[in-house]
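The values are calculated or read from the model by the stated rules, or taken from the named source; none is laboratory data. Everything numeric here is computed off the predicted structure, so don't read it as measured data. No Cβ is skipped: glycine too gets one built from the backbone with ideal geometry, and neighbour counts run over all protein chains shown. We work out accessible area using only protein heavy atoms, side chains counted, and drop any ligands, DNA or RNA first. Shrake-Rupley method; radii C 1.70, N 1.55, O 1.52, S 1.80 Å.
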Amino acid sequence: MIIVLRPKTEESLITQVEVEVKKLGYEPRLIRGEIQTVIAAIGDERGHPSLESLGTWPQVESVLPVQRRYKLVAQEGRRSASVVVANGVGIGGKEPFRLMAGPCSVESEEQILAVARAAKKAGATFLRGGAYKPRTSPYEFQGLGEKGLELLALAKKETGLGIVTELLSEKHVEKVAAVADLLQIGARNAQNFSLLQAAAGSGKAIMLKRGLAMKVEEWLMAAEYVMSAGNGQVILCERGIRTFETGMRNTLDLGAVALAKRESHLPVVVDPSQGAGRVDLVIALSRAAVAVGADGLLVEVHPLPAEAKSDGQQQLDLAGLNLLVEEIAPHVKAMGRAG
Ligand code: PEP
Ligand code: MN
């Protein structure tokens, strides 16, 4: 931490700050400028109380952090990007661009198998599908629960695709982890810290969605919860945030993808389906996601979107999935991420 003192601070008040910094476990180093004096507080901020409250002292102008608060997630000190491995498939680093496709919700055996077969054929390596759904209304379809998990397991058995499915509650950790290769933490739970720790404890790789109103720093801090609980297998997923825009369900924040890739070594994937909330924008946003440097796409696909029990308006049909693959291919190649 750097403590900037107000111009012309008296010696006794400078000493008072130095004494407090020492008391809190840091080594103070005084740097005298022509107008202002600053105190560099040396020490790891993780093991000591924060010095931020010194900002309330009258002789202190500001307290500036030097280290990132997300130590394990931060890029600093790391030479290369991390690769997360799930179901034997690497995501991130120099691995090929990964496609994760499937319905918003698992609805029936027929539905999930139809999408799984089409996804496999289109080159996807993961099948997505919610068995437990976080719905805004308690009267809407809440997912098939355990039955949904069984159907995902069946689809995996047939196609070999890895499974991405949401963990909605701590109560379900064991059941969901038994089927999922990537445990999805949804946008609404992205700062549910006890759920994050419980998910981390499952030992499964975690796909952490960005919350609806979460700053990038908060998103990375949520990932830090998973990593500090001993699970380094974390993938970040940008899925759009709330803004003043009403033409789309959310605003897909591709700047955040570039920023998260710069600030951290973790893989970042993009969900253009929740991002736009409308199927006609999904392919354009997918092309952009590839170009901005995402490591993969999480995209909603349904055999009959008009009959979907959730998010029908934003799901591609099977022909749409093939078109998406065709449309992103040149961009994937241009980014050097072809398989
Ligand atoms: C989903 O993937 O269907 C979903 C509910 O995602 P989010 O948590 O990003 O809204
Ligand atoms: Mn959805």
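A few notes on this one:
- Couplings 3J(HN,Hα) of the stretch 96-113, computed from phi: x, 4, 10, 9, 10, 10, x, x, 4, 10, 6, 10, 7, 4, 4, 5, 5, 5 Hz, in residue order, whole Hz [Karplus 6.51 cos²θ - 1.76 cosθ + 1.60, θ = phi - 60°; x for Gly and Pro].
- Rounded percent of accessible protein surface that carbon and sulfur make up, the stretch 183-241, 1.4 Å probe: 47 percent
- Förster radius 30 Å - calculated FRET efficiency between residue 244 and residue 139 (Cβ-Cβ, nearest 0.05): 0.60
- Burial ranking of peptide ranges 97-103, 181-187 (average Cβ count within 10 Å, highest at the top): 97-103, 181-187
- Taking a straight line from the alpha carbon of residue 204, these lysines sit under 24 Å away, with near neighbours fewer than eight places off in the same chain left out: 71, 94, 120, 133, 147, 156, 157, 171, 175, 261.
- Extreme residue, positive dipole direction of the chain, given options 153, 60, 332 (C-beta unit charges): 332
- Packing-based order for 20-26, 271-277, 207-213, 314-320, using average beta carbon neighbours within 10 Å, highest first: 271-277, 207-213, 314-320, 20-26
- Reachable aspartates and glutamates, given that their alpha-carbon falls under 15 Å from the alpha-carbon of residue 23 and they are not under 8 places away in the same chain: 44, 45, 52
- The stretch between residue 280 and residue 327 holds 15.6 nm of extra length on full extension. This uses 0.36 nm per residue minus the Cα-Cα distance.
- Gap separating the Cα centres of the stretch 74-121 and the stretch 235-301, nearest whole Å: 15 Å
- The stretch 220-283: C-alpha gyration tensor shape, a/c 1.5 cut-off, then a/b vs b/c: prolate
- Rolling a 1.4 Å probe over the protein heavy atoms leaves residue 331 with an accessible area of roughly 70 Å².
- Stretched out straight at 0.36 nm per residue, the stretch from residue 188 to residue 80 would grow longer than its current Cα-Cα span by 35.8 nm.
- Across the stretch 268-278, computed HN-Hα scalar couplings (Karplus, 6.51 cos²θ - 1.76 cosθ + 1.60, θ = phi - 60°) run 10, 10, 10, 10, x, 6, 5, x, 9, x, 8 Hz from first to last residue, x flagging Gly and Pro.
- In order along the stretch 70-77, phi translates into HN-Hα couplings of 9, 5, 6, 7, 5, 6, 4, x Hz, rounded to whole numbers, per the Karplus curve 6.51 cos²θ - 1.76 cosθ + 1.60 with θ = phi - 60° and x for Gly and Pro.
- Label zone (residue 61, point 7 Å along Cα-to-C-beta; backbone nitrogen cut-off 13 Å) within the stretch 16-37: 32-37.
- Highest-first arrangement of 321-327, 242-248, 106-112, where packing means the average Cβ count within 10 Å: 106-112, 321-327, 242-248
- Expected 222 nm ellipticity per residue - DSSP helices of 4 or more, -39500 (n - 2.57), all of the chain, to 500: -10000 deg cm²/dmol
- Cα gyration tensor category, rounded, prolate or oblate, for the stretch 84-334 with a/c compared to 1.5: rounded
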